[in-house]
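Please treat every number below as a calculation from the coordinates, not as lab data. Remember, predicted model here, so these are calculated numbers, not experimental data. Every residue, glycine as well, gets a Cβ built from its backbone with ideal geometry; the counts of neighbours run over all protein chains shown.
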Amino acid sequence: MISPRIEIHYCTQCRWLLRAGWTAQELLTTFGDTLGEVALVPKVGGIFAIYVEGDLVFDRKTEGRFPEMKEVKQLVRNKIAPDMKLGHSDSSVKSQTAVAVKTEETEDSCPNI
């Protein structure tokens with residue numbers, strides 16, 4: 001795959017631009033020239049989803065939580081550079097329970113979910 005495109009769809013009503021921007025920054029820092037483009041795509045309705053070459057790799061509504069950054073990096077790596085080592089980001093992701101509790105607190109701030 002040459003110069004893959006990553007899309008981060010985020011809810012403008014929920015004010016998730018900073019989260020989307022941070023995610024884009026982390027991906028660009030981690031994958032550098034391996035990526036062709038990281039696009040921020042404004043949406044409404046509580047969406048926060050990440051696509052790699054048009055394939056959905058993470059959806060907040062489906063998972064019921066936001067992704068951990070190491071999880072995002074693993075999902076993207078698995079699509080674009082499966083043999084790439086991610087260092088500390090290759091370790092396992094926190095338990096779903098701990099992440100779900102934190103997500104519930106964040107989700108309360110968006111009336112559009």
query = What is the sum of charges around residue 35, taking Lys and Arg as +1, Asp and Glu as -1, for the other residues whose C-beta is under 14 Å from the C-beta of residue 35?
reply = -1
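If you take the beta carbon distance between residue 12 and residue 78 as r and set R0 to 30 Å, what does 1/(1 + (r/R0)^6) give as a FRET efficiency, to the nearest 0.05? Each step should come with its number before you reach the end.
Details: r = 29 Å, r/R0 = 0.96.
FRET efficiency, residue 12 to residue 78: 0.55.
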key: Shape parameters for segment 6-72, alpha-carbon atoms, Rg then Dmax in Å   = 11.2, 33
